[in-house]
Amino acid sequence: MRKKLGLPIGPAQVDGFDRIRQEEMVMEYVSAHGRITRGEVVQLLGISDTKARRLLERMRAADKIKPEGKPPRWVYYVSTN
């Protein structure tokens, strides 16, 4: 996953990253692939499922992404732009 974005392979270690950088990484992935799932956020950023859910909720509230698909299992997120 990280290789697709040209990021170093290995643990993301993004706990030290600020929220803005995490959001940027999610938006870069969406731009490159058209959409992202919560599981892909977990893998991309190396964070827990709970943190990924909160990040996606924040981004959704800020109107950066919107959910699509059939809840709850098939939900993915796309850019609002």
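The values are calculated or read from the model by the stated rules, or taken from the named source; none is laboratory data. Computed from a prediction, not measured in an experiment: that's the story for all the values here. Every residue, glycine among them, receives a Cβ derived from its backbone with ideal geometry; neighbour counts consider all protein chains shown.
Could you grab the pairs with beta carbons closer than 6 Å, sequence gap of 6+ or different chains, first residue in region 46-67 and on the phi > 0 side of the Ramachandran plot, second one surrounded by fewer than 19 Cβ atoms within 10 Å (Cβ to Cβ) and in a helix (DSSP H, G or I)?
The qualifying pairs are 46/14.
Can you pull out the residues in region 48-63 that are of a type outside the set (Gly, Ala, Ser) and either more than 13 Å from residue 79 (Cα to Cα) or surrounded by fewer than 10 Cβ atoms within 10 Å (Cβ to Cβ) (or both)?
49, 50, 51, 53, 54, 55, 57, 58, 63 - these are the residues of region 48-63 that are of a type outside the set (Gly, Ala, Ser) and either more than 13 Å from residue 79 (Cα to Cα) or surrounded by fewer than 10 Cβ atoms within 10 Å (Cβ to Cβ) (or both).
In this structure, does residue 35 turn out to be basic (Lys, Arg) and at pLDDT 95 or above?
Yes; evaluated as a whole, the condition is true for this residue.
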